[in-house]
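Quick notes on the structure that follows.
The values are calculated or read from the model by the stated rules, or taken from the named source; none is laboratory data. Worth saying up front: this structure is predicted, and the values here are computed from it rather than measured. Here the Cβ positions follow ideal geometry from the backbone for every residue, glycine too, while neighbour counts run over all protein chains shown. Quick note on the areas: whole protein, heavy atoms, side chains included, nothing else; ligands and nucleic acids left out. Shrake-Rupley method; radii C 1.70, N 1.55, O 1.52, S 1.80 Å.
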Amino acid sequence: MPGFFSSSKTPSPPHNSSPPSPPHKFSDTLMEDTLNNAEPIITRWELDGNSYCTVSNLFQESRAEVKQFLDTVIDLQHAMQFVVKESSSSQLLVRAQNLMQTATKRLQKEFYTILSGNRYFLDSENVSKESTRSSSSDEDDNVEIEARFNEVSITDEGEKVSIAVDLKAIADCMIEAGYGKECAMIYQLNRKSVIDETLYYLGVENLCSSTVQKMEWEVLEKKIKTWLGAVKVAVSTLFYGERILCDQVFSISDNIRESCFTEIAKDSALMLFTFPETVAKYKKLSLEKMFRILDLYDSISELMSEIEVIFGFDSTSVVKSQGLTGMVKLKEAVRTMLSEFETAIKKDTSKVVPGGGIHPLTRYVMNYLIFLSDYSGPISDIIADWPARVKSPLPESYLLSPIADDVDSPSCVVSVRLSWLILVLLCKLDGKAGFYNDVALSYLFLANNLNYVVSKVRESSLKLLLGSDWIPNHEAKVEQYMRNYERVGWIKVMTSLPEDLTAEISSTEVNECFCKFNSGFEEAYRKQSSWVIPDPKLRDEVKISLAKKIVSAYRPFYEKHCGEVKSIVKFVPDDLQNYLSDLFYGNGFSENGSTTSHGSTSTWSSPSRGR
């Protein structure tokens with residue numbers, strides 16, 4: 001049965017030949033007719049008392065009855081408003097008010113039933129774009145959120161749309177009838193519990209700073225991992241879905257939709273985003289813990305655009321502020337640790353390693369920088385306005401990366417910072433090389449360690465950050481170190497033979513050359529048999545280079561003069577090749593000169609080739 005007020009306009013009195021009734025008489029008649037139409041429809045769904053436990057549910061019955069009930073409530077409200085203006089003392093208003101309370105109790109019960117029966121279903125995904133667009137009166141305000149809806153499961157979304165539409169219909173009716181506060185209260189209690197329970201099952205805890213400070217790092221790290229796994233779900237699904245649902249259900253009232261979302265989400269979101277700031281203030285932070293801090297920073301940074309949209313109300317701006325505060329504190333913690341990292345390199349007091357091998361500091365620093373390069377995005381953001389202020393005798397061009405023309409660009413800032421940290425390492429290694437008593441071993445140490453640095457850069461994303469010129473420039477430096485090593489380490493061997501091998505020399509001179517060569521080679525071999533080149537490629541290159549310089553020079557001299565002084569000759573060319581091939585494995589002669597390699601006890605026995 002259509003009501004008198006099926007539209008928002010106040011109806012005009014019906015046209016007839018009778019003279020118009022006095023205003024209060026017309027209003028009484030109007031209210032009487034409205035009540036007569038409304039009572040059978042509303043009382044049919046009257047609740048037995050105030051309980052929400054009544055079995056029958058209006059919204060599970062005929063959709064036509066739902067529409068009729070809602071239209072009737074609106075008509076009754078309009079009639080009451082009209083009568084109040086015309087005859088506020090009408091006794092019919094008491095009857096109408098009682099009937100309206102009966103109707104709103106039913107609507108509250110239906111609203112509660114739909115919410116509680118679908119609490120997690122509504123939360124599982126976002127409401128569809130089409131639904132929000134069709135039912136929202138403030139489409140322009142929500143367009144940024146709605147733009148993310150691209151793929152919709154027809155079955156699931158269709159059901160969710162139907163549920164959300166029912167909730168909106170009830171909310172619209174109750175708000176228009178003046179019961180928006182009651183409707184919002186039911187919504188807030190139900191949906192806030194959904195958020196709280198979901199965060200609980202995601203493992204999010206409300207941890208105060210004092211509690212965190214008392215934790216061992218292993219315990220805190222587990223909580224960080226849990227938080228990292230929870231935050232994206234919380235933001236992109238939970239809070240985002242709640243914002244969409246709230247916007248849709250209460251689209252008729254900007255104030256109610258904002259207050260509802262604020263009530264159900266603000267405190268939980270603040271608890272979620274306070275955690276990163278609390279971790280950033282952890283007093284036991286150290287270099288090894290930086291990467292968890294970067295994980296937290298990266299996670300918030302990636303979600304910040306969503307956070308700004310979801311919590312875009314003035315009343316939820318504190319959530320955005322907390323997220324930004326957390327990022328600032330994490331940024332400060334990372335900068336502090338980067339400074340500590342540089343200081344730790346400069347202050348390292350560890351001794352040099354035997355045989356000129358890779359220093360533990362080199363391994364540690366490069367592995368650390370490789371991990372750091374995997375965070376180039378957040379690192380760029382963190383140090384973008386914190387450029388390297390270095391004091392170095394080297395030209396500025398050594399530090400700047402060629403990958404960016406703008407030295408203030410984020411990529412170039414990162415490049416300069418990483419280049420500087422590597423330079424600090426190399427300068428420290430240069431100082432440590434001076435502790436070797438043998439200059440040749442110092443050069444070998446520098447070559448080994450710089451080669452290790454270059455290989456680590458080549459094998460990681462550092463090569464992209466440091467630029468295309470960095471690797472070849474430092475490879476050339478490795479080659480220079482190796483040339484210096486060969487020149488100093490084998491100088492007695494290389495200068496023992498005549499420069500002009502075709503020139504005729506006396507037997508005495510031949511004898512002297514062989515003696516010098518023998519003693520020089522024995523000394524170099526004995527000394528260097530405990531030296532090491534860990535990189536197989538570099539080791540082979542050095543052996544080939546030494547063979548070319550030593551064996552290639554010795555062979556023609558040997559072939560020409562060995563018959564003259566057989567008793568003096570100790571090495572045939574092939575022996576030299578074998579001895580050289582057995583160098584740089586780091587387990588040759590001991591301090592007393594006896595061999596410790598291959599099980600041989602003879603000082604100059606032909607070394608094994610089985611490596």
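When you filter the GluC sites (Glu not before Pro) in region 503-578 for DSSP loop state and at most 12 other Cβ atoms inside 10 Å of their Cβ, you are left with Glu504. Mind checking Rg over Rh on region 412-461, alpha carbons, Kirkwood formula for Rh? Reported Rg/Rh, Kirkwood definition of Rh: 1.07. Distance between the pseudo-spin-label points of Glu559 and Trp386 (7 Å out from Cα toward the beta carbon): 6.6 nm.
Suppose R0 equals 51 Å; then what is the FRET efficiency for Lys67 and Lys214 from their Cβ-Cβ distance, rounded to the nearest 0.05? Before the final figure, lay out each step's value.
Details: r = 60 Å, r/R0 = 1.18.
It comes to 0.25.
The local environment of Tyr375, defined by Cβ-Cβ distances under 15 Å, has a net charge of -1 under the rule Lys, Arg +1 and Asp, Glu -1.
Hey, any idea what % of region 415-520's accessible area is carbon plus sulfur with a 1.4 Å probe?
Values: 2490 of 4730 Å².
Whole-percent figure for carbon plus sulfur exposure: 53.
Each Lys or Arg adds one and each Asp or Glu subtracts one; over the other residues with Cβ under 14 Å from the Cβ of Gln480, this totals -2.
Given 20 °C and 1.002 mPa s, compute D for region 299-339 with the Stokes-Einstein relation, Rh being the Kirkwood radius over Cα pairs; round to the nearest whole µm²/s. This corresponds to a translational diffusion coefficient of 197 µm²/s.
Taking only the C-alpha atoms, wrap a convex hull around region 309-381 and report its volume per residue in Å³ as a whole number.
Once divided by residue count, the hull of region 309-381 is 92 Å³.
Per-residue extension of 0.36 nm, minus the Cα-Cα distance of Thr336 and Lys283, leaves a gain of 17.9 nm for this segment. Rolling a 1.4 Å probe over the protein heavy atoms gives region 263-390 an accessible area of 41 Å² per residue. The heavy atoms of Arg526 present about 90 square angstrom of accessible area, all protein chains included, probe 1.4 Å. Only alpha carbons enter this Debye calculation for region 228-380, each as an equal point scatterer, and the log10 of I(q)/I(0) it gives at q = 0.16 Å⁻¹ is -0.88.
What region 515-560 shows is 45 Å² of accessible area per residue, with the surface traced by a 1.4 Å probe over protein heavy atoms. Across region 58-66, coupling constants 3J(HN,Hα) worked out from phi with the 6.51/-1.76/1.60 Karplus curve, θ = phi - 60°, read 4, 7, 9, 8, 5, 5, 5, 5, 4 Hz, and Gly and Pro carry x. When a 1.4 Å probe is rolled over the protein heavy atoms, the share of accessible surface on region 192-335 that falls to carbon and sulfur comes to 49 percent.
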